[in-house]
1. Given points 7 Å out from each Cα along the Cα-Cβ axis, report the VAL89 to VAL302 separation in nanometres with one decimal.
2. Consider a paramagnetic label point 7 Å from the Cα of ARG263 along Cα→Cβ; state which residues of segment 14-54 have an amide N under 13 Å from it.
3. Any number yet on Rg/Rh for segment 1-51, C-alpha, Kirkwood?
4. Could you work out the per residue convex hull volume over the alpha carbons of the chain, in cubic angstrom?
5. If you average 1/r across every pair of different Cα atoms in segment 225-327 and take the reciprocal, what Kirkwood value do you get, in Å?
6. Return the distance in nm (one decimal) between the two label points of a simple spin-label model at ALA326 and GLN105, each offset 7 Å from Cα along Cα→Cβ.
7. Among bridges DSSP assigns within the chain, what percent are antiparallel (round to 5)?
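A short reminder: the numbers here are calculations on the coordinates, not readings from a lab. This structure is a prediction, so every number in the text was calculated from the model and none was measured. Glycine also receives a Cβ, built like all others from the backbone with ideal geometry; neighbour counts cover every protein chain displayed.
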Amino acid sequence: MNDAARIDAVMQQYQAMREEIGKVIVGQQDVVEEMLIALFAGGHVLLEGVPGLAKTLLISSLARVMELSFNRIQFTPDLMPSDITGSEVLEEDHGTGKRSFKFLQGPVFANVILADEINRTPPKTQAALLQAMQEGEVTAGGTTHKLTEPFFVLATQNPIEQEGTYPLPEAQLDRFMFNVLIGYPSYADEVAIVESTTGETAADLQKVLTAGDVLTNRDIVRRVPVAGNVTEYAVKLVRATRLDGPETAKAAAEYLAWGAGPRAAQYLVRGAKTRALLQGRPTPDLDDIRRLAHPVLRHRLVSNFHAEAENIAKDRIIDLILAEVAP
């Protein structure tokens, strides 16, 4: 299969997945696009939105259109790390009477993981999941167990109710490729949602992607060529958020206490390559970098007191930086 045929095959799979998810999820086109970009790019996603915006339904629908194993973990204050990763249990052989330890896999051993309300559980348990995301493995009793590939984590947060929560620190937020915000639907979309969810029939989703397809597509993404000016622009944009160099943007100097690290530039380029591929283009351009700036940067920037006092949102700060660091 030549390069043009590979690109066309990936694009067709992407369109088929969007059509199937669209049977259940009305609107939210940007959200679906960002989730699928992260899936094909090999990253993880943190979704934020108020209750009732179908975050869980969106993730479970994504899992249903793929021939991948899926587990949902409901994060609660009493959840322990072993409840996620698994634990060793003492097992007795009834024939010989000998006892030995056996590792029982936890729910993290699946292809797609829904980490529901990840900020509801203490940092020790959060760290267990985030270590698995970073390393792709779990260690128990001195033995390392590899996680199933592909491994894709989608975590949700409720931005309103903060009582009894444990916010993820910046170093752990950095493990997520995208921070996706889910807003309220438009009037027309909300009418369609009510009509589709109060009828008699439920949508029948067809599986259009296998684990092998995902791994193959990720390999294709890695081999997508990127022009030097696109990579340089991604790095320039990230460096503009930092406060310790000549590239610092005025908006960053005024509203930020801390900027993004090198991982942001890596995810910008990887996401741009994936977005170009999913749209049938052989290489990304500067518009791809700018399109993904918000989901890549918004959880990696730390606002200062001035921004908080003036109620300047991070997305507004990113808009100002994009206007200043024009291609």
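1. It is 4.3 nm.
2. What the label zone holds, given the 13 Å backbone N cut-off, is 43-46.
3. 1.05
4. Taking only Cα atoms, the chain has a hull volume of 179 Å³ per residue.
5. Computed over segment 225-327, the radius equals 13.7 Å.
6. Result: 5.3 nm between the two label points.
7. Of all bridge pairs located within the chain, approximately 40 percent are antiparallel.
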